[in-house]
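Here is the structure we will look at, set down as structure tokens.
The values are calculated or read from the model by the stated rules, or taken from the named source; none is laboratory data. If you're wondering where the values come from, they're calculated on a predicted model, not measured in any experiment. Heads up, the Cβs are rebuilt from the backbone with ideal geometry, glycines too, and the neighbour counts pull from every protein chain shown.
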Amino acid sequence: MKSSRIEGFYRLSVDERLNRVAEFAELSPEEKKILSTTSSMPIEVADRMIENVIGTFELPVGIATNFLIDGKDYLIPMVIEEPSVVAAASNAAKMARVKGGFITSSTGPKMIGQIQVTNLPDPNSAKFQIIAHKEEIIEKANMQDPLLVSLGGGCKDIEARVIDTIAGRMLIVHLIVDVKDAMGANAVNTMAEAVAPLIEKITGGKVYLRIISNLAVYRIARAYAVFDKDTIGGEEVVEGILNAYAFALADPFRCATHNKGIMNGISAVTIATGNDFRAIEAGAHAYAALNGYKPLTTYEKNKNGDLVGTIEVPIAVGTVGGSTSVNPVAKVNLKILGVKSADELSRVIAAVGLAQNFAALRALATEGIQRGHMELHARNIAISVGAKGDEVDRVVEVLVREKRIRVDRAREVLEEIRK
């Protein structure tokens with residue numbers, strides 16, 4: 001039986017950690033080499049992904065351990081530059097295991113394609129014309145992607161809204177598209193382009209924008225977990241986290257940082273799997289702002305005094321197409337995750353976001369965020385001033401002991417060590 005509960009994972013060498021992950025995910029020697037070799041993306045692949053390529057830029061791939069999600073163990077690849085994020089997620093997942101881990105659900109992979117219709121003397125009348133021709137529009141859209149339709153996806157519904165803008169009243173038509181295991185941008189945009197002339201014919205208006213919306217309100221992933229009060233530090237810690245949540249709920253200045261901490265986890269997994277983290281970030285913050293900017297998570301205390309955390313967030317990710325099918329590291333990371341669908345991936349990502357947020361709030365409610373974060377930050381500073389091998393640990397030890405985690409002090413310590 002595979003388990004993501006790996007005691008002392010952080011103490012292992014890089015090779016030992018890689019071997020444990022390879023065993024868990026049944027990676028081939030070639031896949032292990034992709035992860036262990038820097039610049040694993042061939043320059044010719046990079047040159048076909050974007051324009052004007054001159055090289056590649058790397059970020060660390062870390063593994064968050066201990067995740068039990070819907071009764072299944074996961075090792076979570078995370079790509080991020082910020083210290084303490086991976087460790088915090090792993091520690092939160094370890095605590096969540098005590099009460100059964102994370103439980104998730106989702107609404108399925110439906111995306112919205114928007115068609116903007118202008119120059120309408122009577123936009124409300126045009127709205128009803130669109131609704132009357134709904135089946136014709138859906139048929140036209142689905143003609144663009146017969147493979148998606150054959151897999152059970154495709155355009156499923158039409159919505160129409162009249163909005164007031166500084167340029168006058170406009171009709172906005174929404175295509176609701178089940179994109180299955182893709183992120184969906186290409187399929188949705190193609191459909192929106194294809195139906196635009198038909199919509200102009202039906203309404204008599206002029207279509208301008210035809211594009212996907214990143215506010216994926218029909219692609220919501222949810223997760224919750226019960227955190228045992230004794231495991232997380234007792235009743236005082238529970239109350240501290242509840243007070244921190246109340247702060248975020250009442251104050252947008254705090255809420256922005258609260259939600260940023262959630263995205264530390266969500267974006268790290270999104271990047272690791274080759275998905276569009278900018279789209280996820282935009283959609284998450286827009287969703288949080290639908291009724292006044294609010295936290296994406298909630299916290300409450302159950303009858304036993306345990307902390308219950310939940311998250312609800314739009315997660316539009318794919319396991320096929322795009323960078324997920326091109327970037328060799330993304331493909332290996334998906335294999336490590338072992339997800340079977342985009343829907344499963346979205347639920348896993350939601351669980352990571354909840355874990356990350358819980359870890360941050362617990363740190364804030366107890367020892368403060370700086371201790372663990374700055375200890376790891378000290379390593380980056382030591383390396384930046386030229387420390388090598390064992391020198392890094394020796395410099396870090398002094399900086400942390402003195403609580404002077406600064407570049408100038410790191411340089412002085414390194415000089416003293418080398419003398």
Output for the stretch 348-392, where each listed residue is among the aliphatic types (A, V, I, L, M), modelled with pLDDT under 80 and either buried (at least 23 other Cβ atoms within 10 Å of the Cβ) or touching a Ser or Thr at 6+ places or on another chain (Cβ under 7 Å) (or both): LEU376
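Let's see how each residue does on (1) assigned by TED's automatic domain parsing to the domain that holds ILE115; (2) closer than 28 Å to ILE69 by Cβ; (3) in contact (Cβ under 8 Å) with a residue 60 or more places away in the chain:
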position: VAL173; (1), (2), (3): yes, no, no
position: VAL179; (1), (2), (3): yes, yes, yes
position: VAL195; (1), (2), (3): yes, no, yes
position: ILE199; (1), (2), (3): yes, no, yes
position: GLY204; (1), (2), (3): yes, no, yes
position: VAL207; (1), (2), (3): yes, no, yes
position: THR231; (1), (2), (3): no, yes, yes
position: GLY234; (1), (2), (3): no, yes, no
Residue count, the stretch 139-164 (criterion: free of Cβ contacts under 8 Å to residues at least 12 places away in the same chain and closer than 21 Å to PHE128 by Cα): 3
Test for ALA25: is it under 23 Å from ARG347 (Cα atoms) and of a type in the set (A, V, I, L, M, F, W, C): yes
Looking only at the stretch 1-23, and only at residues there that are at pLDDT 90 or above and basic (Lys, Arg), the one that is farthest from VAL329 (Cα to Cα): ARG5
Of residues in the stretch 24-60 being polar (S, T, N, Q) and closer than 14 Å to PRO328 by Cβ, the one surrounded by the most Cβ atoms within 10 Å (Cβ to Cβ): SER40
Residue match in the stretch 284-300 (condition: in the same structural domain as ALA355 (by TED's automatic domain parsing), within 30 Å of LEU35 (Cα to Cα) and of a type outside the set (Val, Ile, Thr)): yes
3 or more residues buried (at least 16 other Cβ atoms within 10 Å of the Cβ) and more than 23 Å from the chain's Cα centre (by Cα): qualifying helices (runs of 4 or more DSSP H) within the stretch 93-172: 123-132, 134-142
The stretch 319-328, residues that are β-branched (Val, Ile, Thr) and either modelled with pLDDT under 85 or within 17 Å of PHE24 (Cα to Cα) (or both): THR324, VAL326
